[in-house]
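Contents: one structure, followed by commentary.
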Amino acid sequence: MQSYYYLLLDVFSFLIPFLFSFERKRMHFIQHWKAYFSSIIVVGIFFILWDVYFAYENIWGFNDQYLVGLRIFKLPLEEWLFFLLIPYASIFIHYALQYFYPKVMLSDKFAKGITYILFLLGLIIAVFNYYKMYTFICVGLFTILMLFQIIFNWKYAQRFYISFIIIFIPFFFVNSALTGSYTENPVVFYDNTENLGIRMGTIPVEDIFYCFALLYSSTLLFEYLKTKKHFKSNSESRS
């Protein structure tokens, strides 16, 4: 049973949002599945390549004690599923909050202020820790994303900054389960010479930047694909 630990963690994290996706009277989230899974897969491929690189460089690794045993490019099956199931569950929370609490959002001015602060914070951390690979890549990518947010001023940040605080609560428990909070040994272990060595519980602080970059990138692509689909449907109905 222990060897199914990571797999079950993936499945149970995904299960409830997945089941609620079929609810028809309110969100009826399955209507967006094509755009949603497309965005998760496209963004996930980028992060998986990054994941593979970290695995080959031994920046992080995985404990076979908690795995079913199948690996592809040094990544366990469970890690591949992580990039499909966890973003689905996490971003579903964002859209559930948007649906049920549509008025809960930051002002444009306040969201811009947060973006500038996050950009400067990320830039300082990345520049002063360029020699720590995990820190530099995680925080560096986050900083680039914040730079794009400043340039394009995507309106989605006004909601997502709030959603991320809520999303981070279950993410914290899931990531804690992977980094050794509830097990004798961690499922995922890190080369601490390549990170800041600062942890929230057992979670490296870099994982916050990593999580945000993964989820917000997926959200941006999903919104683009959803808008494109809506525009195409309207054009076809008029012709």
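The values are calculated or read from the model by the stated rules, or taken from the named source; none is laboratory data. Small disclaimer: the values here were computed from a predicted structure and weren't measured. Here the Cβ is made from the backbone with ideal geometry for all residues, glycine too, and neighbour counts use every protein chain on show. Only protein heavy atoms, including side chains, enter the accessible area calculation; ligands, DNA and RNA are left aside. Shrake-Rupley method; radii C 1.70, N 1.55, O 1.52, S 1.80 Å.
Answer yes or no as to whether LEU49 is closer than 15 Å to LEU178 by Cβ, within 18 Å of the chain's Cα centre (by Cα) and of a type in the set (A, V, I, L, M). Please lay out each step first, then the result.
Details: closer than 15 Å to LEU178 by Cβ: no; within 18 Å of the chain's Cα centre (by Cα): yes; of a type in the set (A, V, I, L, M): yes.
When the stated conditions are applied, LEU49 does not pass them.
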Name every residue in the range 17-36 that is surrounded by 12 or more Cβ atoms within 10 Å (Cβ to Cβ), assigned to a helix (DSSP H, G or I) and touching a residue at least 12 places away in the same chain (Cβ under 8 Å), in order of residue number. PRO17, PHE18, PHE20, PHE29, HIS32, LYS34, ALA35, TYR36
Kindly indicate the residue of the range 68-83 that is of a type outside the set (A, V, I, L, M, F, W, C) and in a strand (DSSP E or B) and also least open to solvent (accessible area, probe 1.4 Å) among those meeting that condition. PRO76
Matching residues in the range 52-77 (in contact with a Phe, Trp or Tyr (Cβ under 7 Å, 6 or more places away or on another chain) and among the aromatic types (Phe, Trp, Tyr)) number 3
Identify the residue in the range 44-67 that is among the hydrophobic types (A, V, I, L, M, F, W, C) and either open to solvent by 60 Å² or more (accessible area, probe 1.4 Å) or free of Cβ contacts under 8 Å to residues at least 40 places away in the same chain (or both) and, among all such residues, is farthest from SER3 (Cα to Cα). PHE46
Kindly list the number of the only condition in (1) at pLDDT below 95; (2) more than 16 Å from the chain's Cα centre (by Cα) that fails for LYS132. (1)
Counted residues in the range 104-142 being of a type in the set (A, V, I, L, M) and without any contact (Cβ under 8 Å) to a residue 12 or more places away in the chain come to 5
Might you check whether a residue that is touching a residue at least 24 places away in the same chain (Cβ under 8 Å), open to solvent by 30 Å² or more (accessible area, probe 1.4 Å) and under 17 Å from CYS211 (Cα atoms) occurs anywhere in the range 84-103? yes
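Taking the range 108-143, which residues are exposed (fewer than 15 other Cβ atoms within 10 Å of the Cβ) and part of a helix (DSSP H, G or I)? Outline the logic, then answer.
First, pick out the residues of the range 108-143 that are exposed (fewer than 15 other Cβ atoms within 10 Å of the Cβ): 108-110, 113, 116-117, 120, 124, 127-128, 130-131.
The answer is ASP108, LYS109, PHE110, GLY113, TYR116, ILE117, LEU120, ILE124, VAL127, PHE128.
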Restricting attention to the range 164-207, and to residues there that are free of Cβ contacts under 8 Å to residues at least 24 places away in the same chain and among the polar types (S, T, N, Q), which single residue is most open to solvent (accessible area, probe 1.4 Å)? ASN192
